[in-house]
């Protein structure tokens, strides 16, 4: 009865009354906890919802699929990485209880990531896939184009080529879903990331749909990763025909040339971007410590702890070199002397944020860093 009162008060936005009823309850079952969490979430009070979740865990009450599907949006609203990861780990640990329910509640990517973690062997994936889809069907989960976009994306980020190709085929042959540009984009990204550039290009040329910027952009990004200049130029030509106003694509192409020392071509691409009125937004990394957010830009020397930060980076660099680390200077996209490239690598924004976190926290403390983009291949010390 009390849980029903809490739920009713929350629905009518009487949160103060609902919370008083909740606090006065001599025994709180899982339904009561979920009702209070749901109430705060529905009324856009994510911080209090997370507070109730912490109380729930402290009291030893386990989460169920209702708790998970209710609280995850609150984590996203608050940009609360720690709570989000804790819930994610809980879901993975209790995969047999949650994989279907999480997917059924609009969180398909979480269930699919669990699916990809089940077995990395391509030979057995059809059996695992059949099990997953059958379980979803048994629970009444609608398998639609969104589900398969999430699945293909997970395969792409995990480098699971065989699984991705199998899912792409099953989607069409068994579920009658015609691939959209998003599905094709995932496949191009999958093949490109794993180095199958020619297959990716052939795949694009054989598409029944006209490739858009996301398709050519995925191929160009793969060429950047694997240093394929010729295909990169071809992809960029097609890309600029459909989208010439995205500065990120110019950056990708210029970086391809910079990687192999073709500085004249690099300057040409950058000049072309400037002629189009485009300007690259500087990348940054940030870290939150003691309820304060510090933002770092590459080469930043204005921080009050600048000297200590760079000293810590030098110490870290020396330590990891002892265990075999070698700086990859090819990621320095500037025409400078070799002896300056290592310093530039060391001064990337994420590394500055990391060093600041290390000198500002006790040993073995977790450090959370946010960043605008990922630099593939650069070892973050």
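The values are calculated or read from the model by the stated rules, or taken from the named source; none is laboratory data. Keep in mind that what you see is a predicted model, and the values were worked out from it rather than measured. Positions of Cβ are backbone-derived with ideal geometry, glycine not excepted, and every protein chain shown enters the neighbour counts.
Quick check on my filter: what residues within the stretch 140-190 are in a helix (DSSP H, G or I), modelled with pLDDT of 90 or more and surrounded by fewer than 20 Cβ atoms within 10 Å (Cβ to Cβ)? Even if it seems obvious, please write down each step before you answer.
Filtering the stretch 140-190 down to residues in a helix (DSSP H, G or I) leaves 145-158, 161-173, 181-190.
Still in the list and also modelled with pLDDT of 90 or more: 165, 168-169, 171-173, 181-190.
Correct list: 165, 169, 172, 173, 181, 182.
Out of the residues in the stretch 289-312 that are in contact (Cβ under 8 Å) with a residue 60 or more places away in the chain and over 13 Å from residue 358 (Cα atoms), which is surrounded by the most Cβ atoms within 10 Å (Cβ to Cβ)? Steps first, please.
Step one: filter the stretch 289-312 for residues in contact (Cβ under 8 Å) with a residue 60 or more places away in the chain, giving 289, 294, 296.
Pick out the ones that are also over 13 Å from residue 358 (Cα atoms) and you get 294, 296.
On the way: 294: 18, 296: 27.
Within the stretch 289-312, the match that is surrounded by the most Cβ atoms within 10 Å (Cβ to Cβ) is 296.
Residue pairs whose Cβ atoms lie under 7 Å apart, separated by 6 or more positions or on different chains, with the first residue in the stretch 192-206 and in the same structural domain as residue 232 (by TED's automatic domain parsing) and the second surrounded by fewer than 18 Cβ atoms within 10 Å (Cβ to Cβ) and modelled with pLDDT of 95 or more, do not occur. Looking at (1) without any contact (Cβ under 8 Å) to a residue 40 or more places away in the chain; (2) surrounded by fewer than 16 Cβ atoms within 10 Å (Cβ to Cβ), find the lone condition where residue 263 falls short. So residue 263 meets the others, but not (1). Residue 281 fails exactly one of the following numbered conditions: (1) more than 30 Å from residue 360 (Cβ to Cβ); (2) touching a helix residue (DSSP H, G or I) at 6+ places or on another chain (Cβ under 9 Å). What is the number of that condition? Only one criterion is unmet by residue 281, namely (1).
Residues in the stretch 9-32 that are in a loop (DSSP other than H, G, I, E, B), touching a residue at least 12 places away in the same chain (Cβ under 8 Å) and under 37 Å from the mean Cα position of the chain (by Cα): 13, 28, 29. Looking at the structure I just gave you, is residue 286 over 20 Å from residue 247 (Cβ atoms), surrounded by 15 or more Cβ atoms within 10 Å (Cβ to Cβ), in contact with a strand residue (DSSP E or B) (Cβ under 8 Å, 6 or more places away or on another chain) and modelled with pLDDT of 90 or more? It is false that residue 286 is over 20 Å from residue 247 (Cβ atoms), surrounded by 15 or more Cβ atoms within 10 Å (Cβ to Cβ), in contact with a strand residue (DSSP E or B) (Cβ under 8 Å, 6 or more places away or on another chain) and modelled with pLDDT of 90 or more.
State whether one or more residues within the stretch 57-66 are in a helix (DSSP H, G or I), at pLDDT 85 or above and surrounded by 15 or more Cβ atoms within 10 Å (Cβ to Cβ). No: the stretch 57-66 contains no residue that is in a helix (DSSP H, G or I), at pLDDT 85 or above and surrounded by 15 or more Cβ atoms within 10 Å (Cβ to Cβ).
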